[in-house]
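All of the numbers you see were taken from the coordinates with simple rules; none came from a lab. Here the structure is a predicted model, which is why all the values come from computation and not from measurement. Cβ: placed from backbone, ideal geometry, glycine included. Neighbour counts: every protein chain shown.
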Amino acid sequence: MQIDLDPSGGARQRYVEDCWVCCHPCVIVVEYDSEGAASVAVERE
């Protein structure tokens, strides 16, 4: 799965995207720390 990051969207971003393998929706959460480093978590919806 490829996730495009957009820092201009805020320090915490959450969106739903369909898995390209099984087509189930996945919740993607991107968080940026104070230095601008991103962490990404993906869970099934």
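Please give me, ordered by residue number, the chymotrypsin sites (Phe, Trp or Tyr not before Pro) of the chain that lie in loop per DSSP and have at most 16 other Cβ atoms within 10 Å.
Numbers: sites: Y15, W20, Y32; in loops: W20.
Counting only loop positions with at most 16 other Cβ atoms within 10 Å, the chymotrypsin sites (Phe, Trp or Tyr not before Pro) in the chain are W20.
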Report summary line: Calc'd 3J(HN,Hα), region 26-38, phi into Karplus 6.51 cos²θ - 1.76 cosθ + 1.60 (θ = phi - 60°), Hz, glycine/Pro = x, comes to 10, 8, 10, 10, 10, 10, 10, 7, 5, 9, x, 6, 9
**Report entry** Computed lengthening from A38 to I3, 0.36 nm per intervening residue step minus Cα-Cα distance
**Finding:** 11.4 nm
Query - Residues with amide H under 5 Å from that of C19, placed H, sequence gap 5 or more - result: H24, C26
Report summary line: Once Lys and Arg are counted +1 and Asp and Glu -1 for all other residues with Cβ under 12 Å from that of C19, the total becomes -3
